[in-house]
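Engineer: Below is the structure I would like to discuss, written out as structure tokens.
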Amino acid sequence: MADVKGDQFYNRVGRDRIECRQIDELIGLARGIAADGLINQAEVQFLQKWLAANVEISDQPLIQTLYRRVNEVLSDGILDENEKSELFDCLATFADIGLELGEVLKPSSLPLCNPAPDLTFPGRRYCFTGTFTLGQRRACEQAVIDRGAQTGSQTQKTNVLVIGSYVTESWKHACFGNKILQACEWRDRGLPICIVSEAHWRGFL
């Protein structure tokens with residue numbers, strides 16, 4: 001029995017080392033892709049191959065989520081500008097020095113409305129920012145459209161800003177942080193815009 005427990009321990013240690021190496025490699029890859037401020041299809045295809053080679057031996061949810069997202073955007077063989085922007089934001093976040101992959105940001109670290117409001121959909125305008133466990137941003141937008149809401153770029157007519165679950169502590173320095181800061185400014189000025197987490201929003205779907 002002792003030998004079995006010992007084998008399990010060493011297997012677990014070996015697996016932890018593999019996952020640490022995977023995370024380090026992914027951070028390095030993300031930094032390389034995001035370094036020039038642009039992202040192209042060849043880079044995304046290379047990222048897809050790397051993820052395919054690593055995702056099966058990883059329990060890291062963010063690696064698995066990123067792999068699914070990359071497969072989705074490449075499924076039609078075309079990487080459009082919205083998809084480039086979304087993936088760039090995601091990779092720029094991964095490349096952040098202080099990032100812990102796979103960890104969902106604690107709600108207290110974000111300027112969420114407190115108390116969180118009840119959400120309705122008909123006649124309301126939603127905007128989404130960040131990376132979502134539900135799927136691509138377009139899937140999130142479709143979820144509210146199906147319930148009678150509108151979506152689009154963030155404006156002073158936006159009623160609800162939904163922040164994706166995978167956001168880092170340094171969100172103010174990420175690309176999507178601009179939307180959050182702008183929404184905070186409008187909210188402070190008395191505009192009726194709500195800032196909520198993905199988890200809260202999904203509770204009303």
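The values are calculated or read from the model by the stated rules, or taken from the named source; none is laboratory data. None of these values were measured; they are calculated from a predicted model. Here Cβ is always computed from backbone atoms with ideal geometry, including for glycine, and neighbour counts include all displayed protein chains. What goes into the accessible areas is simple: the full protein's heavy atoms, side chains included, and nothing from ligands, DNA or RNA. Shrake-Rupley method; radii C 1.70, N 1.55, O 1.52, S 1.80 Å.
Engineer: Can you name the number of the only condition in (1) under 23 Å from C90 (Cβ atoms); (2) at pLDDT below 95 that V144 fails?
Structural biologist: Exception for V144: condition (2).
Engineer: Let me ask you something else. Can you name the residue in the range 47-81 that is among the aliphatic types (A, V, I, L, M) and open to solvent by 50 Å² or more (accessible area, probe 1.4 Å) and, of all such residues, is modelled with the lowest pLDDT?
Structural biologist: For the range 47-81, the residue satisfying everything is I57.
Engineer: Assess whether R138 counts as being under 22 Å from G32 (Cβ atoms), among the basic types (K, R) and at pLDDT 80 or above. Can you show your working first?
Structural biologist: Numbers: under 22 Å from G32 (Cβ atoms): no; among the basic types (K, R): yes; at pLDDT 80 or above: yes.
Taking the combined requirement at face value, the residue does not satisfy it.
Engineer: Please work out if K172 is surrounded by fewer than 22 Cβ atoms within 10 Å (Cβ to Cβ), modelled with pLDDT under 85 and among the charged types (D, E, K, R).
Structural biologist: Yes: the conditions hold for K172.
Engineer: Being out of contact with any helix residue (DSSP H, G or I) (no Cβ under 7 Å at 6 or more places or on another chain), modelled with pLDDT under 75, aliphatic (A, V, I, L, M) and not in a helix (DSSP H, G or I), is that true of even one residue in the range 7-15?
Structural biologist: No, there is no match, as no residue in the range 7-15 is out of contact with any helix residue (DSSP H, G or I) (no Cβ under 7 Å at 6 or more places or on another chain), modelled with pLDDT under 75, aliphatic (A, V, I, L, M) and not in a helix (DSSP H, G or I).
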